[in-house]
Every structure is written in structure tokens, then in C-alpha cells.
């Protein structure tokens, strides 16, 4: 069993409808364990066995949002 890690990403132009579309697209990726999206912060938190940045970029294209960047854990301030 692969070890899961937490990855953080910034995404622009999110609203509730786009978030649901993005989650549906990401649920098709078998390596993803959990998806948490904070619309007000533009933050996407994904727990997965590998970095799924490419899958997230595709999900952003499908949902009509804009992928901005991957965020390192030490750079997050809540």
C-alpha cells in the first residue's frame, strides 16, 4: 500500500458549481484519497499517493477554472 501525502494548489475563478465539476473530475483518479477545496481561499488540498498536478490541471480545464500554482507546505498560512 502506497503512503499518502498532502498536496496543496492554488486555483482561480472557483464558484460552487465549478468546484463540484472539479471534484467529479478528480474522483476518477484512483491515486487520490481525499479532496478538500476552500473556495474563499482558492486552495485545493489533495491527499494522494503521488503528485496529481497534471490531473488537477485537466480538472481545472473541464471545470472552467484557472490552475495557478502548487504551494509548498511551509508557505501556507491560514
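Please verify whether residue 73 is in contact with a strand residue (DSSP E or B) (Cβ under 8 Å, 6 or more places away or on another chain) and under 20 Å from residue 3 (Cα atoms), treating the condition exactly as stated. If you could, list the steps in order and put the result at the bottom.
On the way: in contact with a strand residue (DSSP E or B) (Cβ under 8 Å, 6 or more places away or on another chain): yes; under 20 Å from residue 3 (Cα atoms): yes.
The answer is yes for residue 73.
What number of residues within the stretch 38-55 satisfy the criterion of being without any contact (Cβ under 8 Å) to a residue 40 or more places away in the chain and either surrounded by fewer than 19 Cβ atoms within 10 Å (Cβ to Cβ) or assigned to a helix (DSSP H, G or I) (or both)? Step through it out loud before you land on a result.
As a first pass, look at the stretch 38-55 and keep what is without any contact (Cβ under 8 Å) to a residue 40 or more places away in the chain: 38-45, 54-55.
From what is left, the residues that are either surrounded by fewer than 19 Cβ atoms within 10 Å (Cβ to Cβ) or assigned to a helix (DSSP H, G or I) (or both) are 38-43, 45, 54-55.
Residues that pass the stated criteria total 9.
Of all residues being buried (at least 18 other Cβ atoms within 10 Å of the Cβ) and touching a strand residue (DSSP E or B) at 6+ places or on another chain (Cβ under 6 Å) in the stretch 7-25, which is nearest to residue 51 (Cα to Cα)? Just the residue, please.
7
So if I check each of 35, 58, which one is outside any loop (DSSP other than H, G, I, E, B) and either loosely packed, with under 14 Cβ neighbours inside 10 Å or in contact with a strand residue (DSSP E or B) (Cβ under 8 Å, 6 or more places away or on another chain) (or both)?
On the way: 58 fails: either loosely packed, with under 14 Cβ neighbours inside 10 Å or in contact with a strand residue (DSSP E or B) (Cβ under 8 Å, 6 or more places away or on another chain) (or both).
Checking each option against the conditions leaves just 35.
Of the residues in the stretch 1-28, how many are touching a residue at least 40 places away in the same chain (Cβ under 8 Å) and farther than 18 Å from residue 70 by Cα?
Pass one, the stretch 1-28, residues touching a residue at least 40 places away in the same chain (Cβ under 8 Å): 2-14, 18-19, 21-22.
Going one step further and asking which of them are farther than 18 Å from residue 70 by Cα, we end up with 2-3, 18, 21.
Qualifying residue count for the region: 4.
Bear in mind these aren't lab numbers, they're just calculated from the coordinates by the rules spelled out. This structure is a prediction, so every number in the text was calculated from the model and none was measured. Reconstructed Cβ throughout: ideal geometry from the backbone, glycine too, with neighbour counts over all protein chains shown.
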